[in-house]
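So the structure is just underneath, and the comments pick up after that.
The values are calculated or read from the model by the stated rules, or taken from the named source; none is laboratory data. Computed from a prediction, not measured in an experiment: that's the story for all the values here. For neighbour counting, all protein chains shown are included, and Cβ atoms are generated from backbone atoms with ideal geometry for every residue, glycine included.
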Amino acid sequence: MDAQAFQDEVLLQAPPSMPQALLTLVSQAMAEIGASERRDVAVCIQLTARLQSAGLEVPQEGVQRPSVSMRATTRPTPETRLRSAQLMHQIEAWVHAARQSLFGQPSAPFPSLPEAIAWIESEVRHLYEGIAPWARALYQPLWDHALESTPLAGDPGTPETSQRLAVLLEAVRAGMIGWVAPAEHDDLQGEGRHGVVDAPVCRLQRYVRQLAQASGFSPPDVAAYLLADIPPLLDAATISVEHLTVPVPFGGAEIQRSQVTITLHARDLSYDEHRDLIRQWRQELHLVRAHGLTDDDIAFLQLVNSLGSPPTGRGSGPYWIGVQRAWNRNHRDERFQTPDGPRMWYRRLQQKLKELGLDGPRGAQVALLRQKPRRSKKR
């Protein structure tokens with residue numbers, strides 16, 4: 001069976017309760033090592049069930065390659081300091097239980113945060129060394145970042161330490177996904193390698209994610225508290241930046257996009273702090289100097305598209321005269337006086353599309369422009 005037929009058969013025979021994204025990932029991994037015959041379908045479903053029971057999760061539908069940074073953007077406020085103490089008391093028993101499960105003791109397993117970070121780094125390296133080259137390539141930029149030590153990381157509460165812990169925790173998740181694919185076909189029948197997703201560092205990653213979601217503390221702060229007893233502090237606001245690369249199935253190209261998420265935990269932020277948040281997310285998405293598109297911009301691009309690709313160089317005058325006349329017929333209040341008007345507008349729009357990351361293949365632009373735009377009163 002080819003890889004697609006094998007994947008289809010796995011999805012058809014698997015129980016409805018089994019995550020489709022995880023089934024897809026495992027079937028793709030098995031196809032990579034040549035284990036995609038009909039007899040391998042049941043093995044694929046069994047392996048997926050083991051990984052599901054171990055808590056392995058795959059984001060959305062398919063494998064993403066994220067580059068994530070999260071940082072506090074505002075000072076701790078009186079409300080967040082008081083709420084942090086309350087939340088820490090509420091999760092204390094949970095943290096003790098997690099430590100007992102991972103390290104056999106309710107107290108913090110490491111006397112300092114640098115020692116805790118060094119332990120995670122060694123575990124991440126072990127995960128990386130145990131996965132196949134194709135699985136490493138899925139997250140290679142993340143691996144490069146995680147495997148390179150950061151001298152400034154280690155002091156509690158610093159941006160460098162928080163960023164380092166965030167990268168290491170993300171690398172653990174990438175390592176769990178990479179270990180889905182056994183190196184040898186025979187290992188598909190055994191338990192051996194599959195136990196890695198239940199290793200202490202993998203369970204730590206799951207505990208940290210659960211505690212962070214329940215409390216609102218950042219994952220790096222939760223990890224520092226669980227491993228080295230560093231009291232967490234609830235951020236008044238955070239900005240999470242994700243640069244995603246998502247493979248498109250059936251031979252399509254990759255989709256690359258960025259997104260910024262702002263999370264607010266405090267109600268006592270000042271006006272200046274709210275304004276600073278807006279300034280930061282605009283910087284992260286490179287919108288500081290880029291102006292947005294208008295409805296008239298879309299209508300104009302749609303018109304140009306309907307008349308064919310604009311010619312370049314000498315002899316383009318008649319084309320822009322045609323654009324001028326076509327626009328003026330339907331926009332009597334916003335008429336072009338010369339053909340230079342639409343030519344300059346089109347040039348400015350191409351630069352704007354480039355700044356907004358919308359200057360892809362013409363086919364993509366045509367699909368966008370099929371939508372009927374709403375007229376705006378002013379351009």
Just checking: which of the helices (runs of 4 or more DSSP H) contained wholly in the range 258-352 hold 1 or more residues that are aromatic (Phe, Trp, Tyr), touching a Lys or Arg at 6+ places or on another chain (Cβ under 7 Å) and not assigned by TED's automatic domain parsing to the domain that holds LEU82?
317-330
Within the range 1-44, residues surrounded by fewer than 20 Cβ atoms within 10 Å (Cβ to Cβ), modelled with pLDDT of 80 or more and under 24 Å from ARG203 (Cβ atoms) come out as SER17, MET18, PRO19
Looking only at the range 293-322, count every residue that is under 23 Å from GLU355 (Cβ atoms) and either of a type in the set (Lys, Arg) or free of Cβ contacts under 8 Å to residues at least 60 places away in the same chain (or both) and tell me the total.
6
Picked from the range 98-153 (must be among the basic types (Lys, Arg) and under 25 Å from the mean Cα position of the chain (by Cα)), the residue farthest from LEU165 (Cα to Cα) is ARG136
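With ALA108, ALA135, ALA153 as the choices, which residue is modelled with pLDDT of 95 or more, farther than 18 Å from ARG209 by Cβ and not basic (Lys, Arg)?
Checking each option against the conditions leaves just ALA108.
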